[in-house]
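A quick write-up on the structure given underneath.
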Amino acid sequence: MTAHRCAAVLAGALLTTGVFASAAQAADGGRGHEKTRLNATAYYGSLDPLARQTHGLKARFVKTDGTPVEGLPVKFTVSGEKTFLCNATTDSDGYAECKNSPLPLGVPTVKALLYGYDATFEGNAHYAPVNAHNSIGVP
């Protein structure tokens, strides 16, 4: 590779890095740091088809080092169509849970069983958005 070609590649790499850094800073209000990324895990839930009620929809939200995050608002929805099931807030161990939530009218039980559910944190000033998915079964 020629010296001219090396200089062009290096300049392109620096420009790309600057663009990404600028985008991250802009998304963060220009404070110069990115939002903290979280890991989310959703747990297997169940559905009583006769009562049309879900049970045990549960997710855990932790920092990348495993530290649980308390106080995050979490929305539980049917995967795919995003039909609302319930809201919960993470506790001191990072868990958010909807113990018993009615399946909304108009949503066939088969959709919840086929698609499962998503637990979504939409992000805030400190943490980036994250979601997790798992299945719903019949007990």
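The values are calculated or read from the model by the stated rules, or taken from the named source; none is laboratory data. Just so you know, these numbers come straight off a predicted model, no measurement behind them. A quick note on method: Cβ atoms are made from the backbone with ideal geometry, for glycine too, and the neighbour counts reach across all protein chains shown. For accessibility, only protein heavy atoms count, side chains too; no ligands or nucleic acids. Shrake-Rupley method; radii C 1.70, N 1.55, O 1.52, S 1.80 Å.
For the reader, a short list of remarks on this structure follows.
- Members of the range 98-139 found to be assigned to a strand (DSSP E or B) and closer than 21 Å to T64 by Cα, listed by number: D118, A119, T120, F121, Y127, V130, N131, A132, H133, N134
- Scanning the range 46-77 for residues that are assigned to a strand (DSSP E or B) and open to solvent by less than 50 Å² (accessible area, probe 1.4 Å) turns up S46, L47, T54, G56, L57, A59, F61, V62, P68, V74, F76, T77.
- The residues of the range 92-113 that are of a type outside the set (G, A, S) and at pLDDT 95 or above, listed by number, are D93, Y95, E97.
Table: residues versus (1) within 12 Å of the chain's Cα centre (by Cα); (2) touching a residue at least 60 places away in the same chain (Cβ under 8 Å); (3) open to solvent by less than 40 Å² (accessible area, probe 1.4 Å).
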{"site": "S92", "(1), (2), (3)": "no, no, no"}
{"site": "K99", "(1), (2), (3)": "no, no, no"}
{"site": "L105", "(1), (2), (3)": "no, no, no"}
{"site": "T109", "(1), (2), (3)": "no, yes, yes"}
{"site": "L114", "(1), (2), (3)": "no, no, no"}
{"site": "T120", "(1), (2), (3)": "yes, no, yes"}
{"site": "G123", "(1), (2), (3)": "yes, yes, yes"}
{"site": "A132", "(1), (2), (3)": "yes, yes, yes"}
{"site": "I136", "(1), (2), (3)": "no, yes, yes"}
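- When the residues of the range 78-90 are filtered to those that are of a type in the set (V, I, T) and crowded, with 18+ Cβ neighbours inside 10 Å, the one that is nearest to A59 (Cα to Cα) is T90.
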